[in-house]
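Down below is the structure, laid out as structure tokens.
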Amino acid sequence: MRKIRATYFAAAIACIATYAVAALPASAQEIQQLPVTSLNIGIHVIKAEVARSEPQREQGLMFRKKMGSNEGMVFVFDAPAGICMWMKNTLIPLSVAFIDQKGTILNVEEMKAQTLDSHCAQGAASYALEMNKNWFKDKNIKPGTVIQGLPQL
């Protein structure tokens with residue numbers, strides 16, 4: 001019985017330690033270094049960080065204080081699905097385009113910083129591209145537009 005309690009206690013301590021690290025203020029969080037790719041949307045070229053793994057997608061653009069005008073992050077998913085995004089610990093307002101496996105934008109959503117509101121794809125999406133707020137609107141980029149240069153699934 002003691003061995004089970006000791007194991008349970010050790011697991012509880014590990015869980016608390018993990019939570020404590022996750023609760024650190026933004027200044028204490030490390031910004032992940034991701035590979036970068038160039039995407040083309042008509043005449044616009046985007047320098048996009050590529051978030052492919054689950055931990056990379058979970059952190060996304062959290063804790064960033066700014067992002068360049070033609071910079072963003074493309075999230076690559078394993079298979080087309082009804083994906084949703086939120087803005088927990090994300091300090092800058094963003095726009096997200098949900099994109100199908102052929103590179104066609106399904107829908108674009110505006111997201112407020114540091115909110116837990118869900119913003120979801122209106123169809124089976126393979127990618128999500130986050131840019132500064134209103135980037136797509138300012139460039140008149142709408143659903144149906146094709147993005148070239150997306151990473152392979």
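Taken together, the values in this text are just the output of simple stated rules run on the coordinates, not laboratory data. In this text the structure is predicted, and so the values were computed from the model without any measurement. So basically every Cβ, Gly included, is an ideal-geometry build from the backbone, and we count neighbours across all protein chains shown.
Of note:
- Straightening the chain between R52 and K139 buys 28.7 nm, computed as 0.36 nm per residue apart minus the Cα-Cα spacing.
- Segment M62-D78, length gained on full extension (0.36 nm per residue, minus Cα span): 3.6 nm
- Straight-distance crosslink candidates among aspartates and glutamates, where the alpha carbon sits under 20 Å from K112 and sequence neighbours closer than 8 are dropped: E58, E71, E130, D138
- Each of T115 and V146 was given a label point 7 Å from its Cα along the Cα-to-Cβ line. The distance between the two points is 3.3 nm.
- Hits among aspartates and glutamates - C-alpha to C-alpha of K137 under 13 Å, sequence gap 8 or more where chains match: E109, E110
- Point-to-point label distance, S38-D100, nm (Cα→Cβ direction, 7 Å offset): 2.8 nm
- Ranked L150, L91, L116, criterion: other C-beta atoms within 10 Å, fewest first: L116, L91, L150
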